[in-house]
Amino acid sequence: MSLKSILVGISLISILTLTGCDNNKTDISHSSQSTILIEHDQGITTVPVNPSKVIVFNTATLDTINALGINIAGIPKTSMHLPHFLQKYEGNEYINAGTAFEPNYETLSNFKPDLIIAGGRTADAYDKLSEIAPTVALNIDTKDFVNSLIKRTQQLGQLFNKQAEAEKLITDFKEKIALVKAKTENKGTALTIMINGGKFSAYGPGSRFGFIFDQLGFKPAIDFPQAGKHGNLMNAELLLSANPDWLFVIDRDSAIGTKNAQSAQQILDNPLVKRTKAWNNNHIVYLDSRALYIAGGLQTYRQLLEQIDHVMDDGSQE
């Protein structure tokens, strides 16, 4: 065999080898773009990228999905009381997937979704939902709230090809936290309380509603022994004893639409509360209860920051 023939043969083998490598790269690239591994509270799940038929049970995720401009197909609309900025999802164009605690499995099975986003109130339904479609539980860790919220926002960005939008929202959120913290971290003590059926429960650092302590630097007026999911029971006497400089209030009855319930303002209008520094300095801040209690995603906390920023500039709660 001549030297020329040998060289031609080697060239052909090289071309075929390179072509095979290119094909493999294309297949791997296509595969990585068609599915993604999502690590979540109940495992690691392979889900399709940019799914079109998405059911969302986790309202905190729905909050962030709405901020990212992601289209979904349905939510649990039965007995749901969404904040105003999410109420479009109660429209007829969205499938009713049941309740936050009890999914309508028949409706979901017939619809055949590409993805179900569970978590939160739907935790116990995870296994059954996973039998219908790939399911992820995108809960937010209250003990590491901001980092956890950022991670979930980034995951949604990757999942729906909204990475740039996600990073923009995250950057703006971090900047707003820093801006507000500069105004709040030396403003004294605070309590965050929830009022439900005329009873008080308080939330401290590291709890479900610990944001003002953990991120904004307010000092807790009471050091609670633990951060319970349902808060720490207290009353007007204990509130007066703590005597916070600031009082942040969540009205659960208002959030869930309890009929004929007294408002938080009515409950707090009593002689003991009126002796506190928070009352006398007009430092009682009534938060957007429906957003915080029902939703609690990126838009909710952006709005919370806007409200506290305004209060700090004004010097009191209007």
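Read-outs: derived from the displayed coordinates by stated rules, not from any lab. Nothing here was measured: the structure is a model prediction, and the numbers come from that model. FYI the Cβ positions are ideal-geometry reconstructions off the backbone, even for glycines, and counts take in every protein chain you see.
For the reader, a short list of remarks on this structure follows.
- In this calculation the C-beta distance from residue 131 to residue 39 is compared with R0 = 22 Å, giving a FRET efficiency of 0.60.
- DSSP finds beta bridges in the chain, and of those with both partners inside it, around 45 percent are antiparallel.
- Of the Cα atoms belonging to the stretch 132-282, the radius of gyration and Dmax stand at 18.1, 56 Å.
- Residue-count net charge about residue 157 - beta-carbon cut-off 11 Å; Lys, Arg +1, Asp, Glu -1: +2
- Between the residues 117, 289, 170, the greatest Cα displacement towards the positive end of the dipole of the chain, with unit charges on the Cβ of Lys, Arg, Asp and Glu, is found for 170.
- Out-of-range pairs (alpha-carbon distance over 25 Å; input 88/112; 143/183; 53/259; 162/229; 77/199): 53/259; 162/229; 77/199
- Principal-axis analysis of the Cα atoms of the chain puts helix 145-159 at an angle of about 30° to the longest axis.
- Per-residue Cβ neighbour rank within 10 angstrom, fewest leading, 85, 218: 85, 218
- Between 0 and 90 degrees, the angle of helix 163-184 with respect to the longest Cα principal axis of the chain falls at about 30 degrees.
- Note on residue 235 and residue 281: with the Förster distance fixed at 22 Å, the Cβ-Cβ geometry gives a FRET efficiency of about 0.55.
- Computed from label points 7 Å out along Cα-Cβ, the spacing between residue 175 and residue 105 is 4.8 nm.
- Taking the number of Cβ atoms within 10 Å of each Cβ as an exposure proxy, the fewest-first ranking of 82, 233, 156 is 233, 82, 156.
- Ordering 152, 302 from the fewest to the most neighbouring beta carbons within 10 Å gives 302, 152.
- For the stretch 218-247, the residues whose backbone nitrogen is under 18 Å from a point 7 Å from the Cα of residue 312, taken along Cα to Cβ, are 218-221, 245-247.
- Unit charges on C-beta of K, R, D, E only; dipole of the stretch 184-314, Debye: 400
- Under 14 Å, Cβ to Cβ, from residue 105 - net charge with Lys/Arg +1 and Asp/Glu -1: -3
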